[in-house]
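First up is the structure itself, then whatever we jot down about it.
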Amino acid sequence: MAAVKLLGAWVSPYNCRVICALKLKGIAYEYMEEDLLNKSPLLLQYNPVHKKIPVLVHGGRSICESAVILRYIDETWPENPLLPADPYERAVALFWIKFADDTTFPIAMMYLITGEEQKKAAKECSEMLETIEEHGLVEGKKFFGGDEINMVDIAFCSVAHWLGVIEEVTGLKAFEPHKFPKLNSWILNFKSVPVIKESLPDIETMLAFFKGRREMVLASKSS
Amino acid sequence: MEGEVVLLDFWPSMFGMRTRIALAEKQIKYEYREEDLRNKSALLLQMNPVHKKIPVLIHNGKPICESLIQVQYIDEVWNDRAPLLPPNPYQRATARFWADFVDKKIYDLGAKVWRTKGEEQEAAKKELIECLKLLEGQLGDNPYFGGKDFGFVDVALVPFYCWFYTYEKFGSFSIEAECPKLIAWAKRCMQKESVAKSLADQEKIYDFVLHLKKALGIEDEVAKETVRAAETAGFFRVVNFMDSAILYIKVKWGILSSSMVRSSCKVIALLEGHAHQRAQEVSKFRL
């Protein structure tokens, strides 16, 4: 089997998605942490178009964009499939993965910005959570994937794990357990899956990192 | 096998065109329903409650949303003819990457070219050409992005070809001069019946955009009047006004409280609506 490498950044939820998928499939890989402020020549070579992580390298060929990487992993290592077999169910899953792609961004935004721009991002985030609660999650289903987690659950890891950290660091509240009961259940279920627990970055480390970044942002705004 | 296939669409939409091309490639009979985006049908709102957007593909009563997802669905269900995605995972990943690139870049840049002026427009033109050149590079010497055969990336990109004329007219530039190979590729695609029948006429698109710009311009004027009235009454101080008739309201006195955020969002919403209704609504939002 050709070697698998992952170029990533521990703090990125997109990177985490790929780690979750690799671990769920039991795929051995070499992890290379990228310094995003000083990108390696390897990263620039493997992702010349976007110059971003994560990048999966398999047998010397690179695959970029986390959603594309997830599908590549699922198709190349078909055991423990991460997408439904039925084309319609698969289309629905892909819809929610795209939704996760499009809405994860405001979460990251929230620590970078201040003032009423941040309020705007918090409002968008809240609306996004309402949409998931109302349309994405089915009462009684443990995960987006049913009884087992699938690609959709992985795609929403930023909601499960990053949102709480960002909220603590910025003081803003978008998620309230009583307002989003299905989402709350899902988060608890998702984070209790052993492979997921292993793949998510440590909370304390994340808090320290984002608090530091937040301080830098606030300092640069006041100077 | 076919079942009932319905497509909710809007004739100038390049996203709708992708699905039309895929359906035509597979020779699937379907019912085309034109949506009035200013007066969306109950069916559209029911079938795409999350985004309320076209295109929506409805197969045996079940909706599939997002054009690239529709194309992949069509390819999977009608897998006995005209394959759009290549067989091996790496080639599929490459195809998905470039289709995603088209999604991320071309629509927004193109919209900026026809919507904006001056520096913003120049920057958008420059970046659009850079992206098209990257795509040209990816095409290489192949007849299609799919290699020998018309494929997924071709479907994702070719609908923009009927919009190039609009970009060029508003931006005063020639895409063919910068990307001749890409235009040659587009013309090659247009020789396929599925593409020729699915793309809208480029002059009709240009007329459509001309009318749209005029309407937005008029709406801008009414919105500006309403905002001026609100300012005079001391409700908000407006610091920024964007071309797309969406108003960004900032209060000079500091961070907005949550009630003010709600108010300003309502004002933003009402400025996109009717003039006399707006006047009534604005009067409700005293600070």
Does B:Phe101 count as within 22 Å of B:Asp75 (Cα to Cα) and free of Cβ contacts under 8 Å to residues at least 40 places away in the same chain?
-> yes
Filter the range B:82-135 for residues that are modelled with pLDDT of 95 or more and at positive phi and give the result.
-> B:Ala82
All but one of (1) within 14 Å of chain B (Cβ to nearest Cβ); (2) over 30 Å from B:Glu2 (Cα atoms) hold for A:Glu89, so report the exception by its number.
-> (2)
Failed condition for A:Val68, given (1) open to solvent by 20 Å² or more (accessible area, probe 1.4 Å); (2) assigned to a helix (DSSP H, G or I); (3) at the interface with another protein chain (Cβ under 10 Å from one of its Cβ atoms) | (1)
Assess whether B:Pro159 counts as being exposed (fewer than 14 other Cβ atoms within 10 Å of the Cβ) and within 24 Å of B:Ser194 (Cα to Cα).
-> no
If you go through the range B:1-22 one residue at a time, how many are surrounded by fewer than 19 Cβ atoms within 10 Å (Cβ to Cβ) and under 19 Å from B:His59 (Cβ atoms)?
-> 6
Within the range A:71-86, track down each residue that is more than 9 Å from chain B (Cβ to nearest Cβ) and open to solvent by 40 Å² or more (accessible area, probe 1.4 Å).
-> A:Pro78, A:Glu79, A:Asn80, A:Pro81, A:Ala85, A:Asp86
Kindly check whether there is at least one residue in the range A:34-52 that is within 15 Å of the chain's Cα centre (by Cα) and either crowded, with 16+ Cβ neighbours inside 10 Å or basic (Lys, Arg) (or both).
-> yes
Where a residue in the range A:51-64 is more than 12 Å from every other protein chain (Cβ to nearest Cβ) and its partner, wherever it lies, is open to solvent by 10 Å² or more (accessible area, probe 1.4 Å) and among the basic types (Lys, Arg), with Cβ under 9 Å and at least six apart = A:Lys51/A:Lys39; A:Ile53/A:Lys39
Evaluation of B:Gln121 against (1) within 14 Å of another protein chain (Cβ to nearest Cβ); (2) touching a Gly at 6+ places or on another chain (Cβ under 9 Å) (one fails), failing number = (1)
From the list B:Lys117, B:Lys112, B:Lys105, pick out the single residue that is in contact with a Leu (Cβ under 9 Å, 6 or more places away or on another chain), of a type outside the set (Val, Ile, Thr) and open to solvent by 60 Å² or more (accessible area, probe 1.4 Å).
-> B:Lys112
Is it the case that B:Asp141 is assigned to a helix (DSSP H, G or I) and either over 23 Å from B:Thr19 (Cα atoms) or within 14 Å of chain A (Cβ to nearest Cβ) (or both)?
-> no
Tell me, which residue of the range A:107-120 that is open to solvent by 20 Å² or more (accessible area, probe 1.4 Å) and either of a type in the set (Asp, Glu) or in contact with an Asp or Glu (Cβ under 9 Å, 6 or more places away or on another chain) (or both) is nearest to the other protein chains (Cβ to nearest Cβ)?
-> A:Glu116
Within the range A:1-16, track down each residue that is outside any helix (DSSP H, G or I) and of a type outside the set (A, V, I, L, M).
-> A:Lys5, A:Gly8, A:Trp10, A:Ser12
Examine the range A:17-27 for a residue that is open to solvent by less than 40 Å² (accessible area, probe 1.4 Å), of a type in the set (Lys, Arg), assigned to a loop (DSSP other than H, G, I, E, B) and modelled with pLDDT of 95 or more, and state whether such a residue exists.
-> yes
Are any residues in the range B:79-101 surrounded by fewer than 22 Cβ atoms within 10 Å (Cβ to Cβ) and of a type in the set (D, E, K, R), and if so, which ones?
-> B:Asp80, B:Arg81, B:Arg92, B:Asp100
The range B:59-70, residues that are more than 7 Å from every other protein chain (Cβ to nearest Cβ) and buried (at least 24 other Cβ atoms within 10 Å of the Cβ) | B:Ser67, B:Gln70
Single residue of B:Leu84, B:Leu43, B:Leu57 found to be over 23 Å from A:Ile132 (Cα atoms) and of a type outside the set (Asp, Glu) = B:Leu84
Under 9 Å between Cβ atoms, at least 6 apart or on separate chains: pull out the pairs that start in the range B:169-183 with a residue that is free of Cβ contacts under 8 Å to residues at least 12 places away in the same chain and end on any residue that is assigned to a loop (DSSP other than H, G, I, E, B) and open to solvent by 50 Å² or more (accessible area, probe 1.4 Å).
-> none
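Please indicate, with yes or no, whether at least one residue in the range B:56-71 is assigned to a loop (DSSP other than H, G, I, E, B), at positive phi and touching a residue at least 12 places away in the same chain (Cβ under 8 Å).
As a first pass, look at the range B:56-71 and keep what is assigned to a loop (DSSP other than H, G, I, E, B): B:60-61, B:66.
Then keep just the ones that are at positive phi; that gives B:60-61, B:66.
From what's left, touching a residue at least 12 places away in the same chain (Cβ under 8 Å): B:60-61.
Within the range B:56-71, one or more residues are assigned to a loop (DSSP other than H, G, I, E, B), at positive phi and touching a residue at least 12 places away in the same chain (Cβ under 8 Å).
The values are calculated or read from the model by the stated rules, or taken from the named source; none is laboratory data. Remember, it's a predicted structure, so these values are computed and weren't measured experimentally. Positions of Cβ are backbone-derived with ideal geometry, glycine not excepted, and every protein chain shown enters the neighbour counts. Side chains included, ligands, DNA and RNA excluded: accessible areas come from the protein's heavy atoms. Shrake-Rupley method; radii C 1.70, N 1.55, O 1.52, S 1.80 Å.
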